[in-house]
Amino acid sequence: FAAVEHIFMLSSIFQKEILGGLATINLRFVGATLLHIVASGVVGLSIGYDFFHRHHRGRNALGGLTLASLLHGLFNFFILKGGSENIIYVFSVVWLGVIIVILSMEKIKKLQINN
């Protein structure tokens with residue numbers, strides 16, 4: 001998903017100006033790729049939690065997809081609305097999300113099956 005999104009975004013930027021497109025590439029690739037890591041991590045966490053808590057199966061999967069979509073939408077909103085002055089704050093939140101996903105994965109590894 002991230003690769004297709006990059007292609008569409010960069011094709012529109014390079015049509016306007018080449019230097020602006022080159023300046024945007026690094027931040028775009030890092031930010032959007034990390035966002036997709038966080039979003040897919042949230043979905044993976046919900047599936048992992050389902051494995052250990054079978055009585056919440058449908059809720060967890062739907063909740064994980066909903067939260068991942070919400071995170072992606074908020075990222076897009078703040079990047080498009082805020083522009084370059086808010087980018088450090090948005091990236092800080094994304095990095096915080098990466099840390100939370102990693103710590104949550106470690107927590108799920110320690111769970112035991114609970115029927």
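Hey, with R₀ at 30 Å, roughly what FRET efficiency would Leu80 and Arg59 work out to, going by the Cβ-Cβ distance, to 0.05?
The value I calculate is 0.45.
Note down the net charge around Asp50, summing +1 for each Lys or Arg and -1 for each Asp or Glu among other residues with Cβ under 13 Å from its Cβ. Mind dumping the intermediate values first?
On the way: positive: Arg54, Arg57, Arg59; negative: none.
Residues close to Asp50 contribute a combined charge of +3.
On the protein heavy atoms, probe 1.4 angstrom, tell me the percent of accessible surface of the stretch 32-114 carried by carbon and sulfur. Walk me through the numbers before you get to the answer.
Values: 3950 of 5480 Å².
C and S atoms contribute 72 percent here.
Please work out how much accessible surface Ile102 shows to a 1.4 Å probe, ignoring ligands, DNA and RNA, in Å² rounded to 10.
Ile102 has an accessible surface of roughly 100 Å² with all protein chains in place.
Just need the relative contact order of the stretch 36-108 here, percent rounded to a whole number, with Cα pairs under 8 Å and 6+ apart.
Worked out over the stretch 36-108, it gives 40 percent.
The values are calculated or read from the model by the stated rules, or taken from the named source; none is laboratory data. These figures come from a predicted structure and were not determined experimentally. Methodologically, a virtual Cβ is constructed for each residue, glycine included, from the backbone with ideal geometry; neighbour enumeration extends over all protein chains shown. For the accessible areas, the whole protein counts, side chains as well, though only heavy atoms, and no ligand, DNA or RNA atoms are used. Shrake-Rupley method; radii C 1.70, N 1.55, O 1.52, S 1.80 Å.
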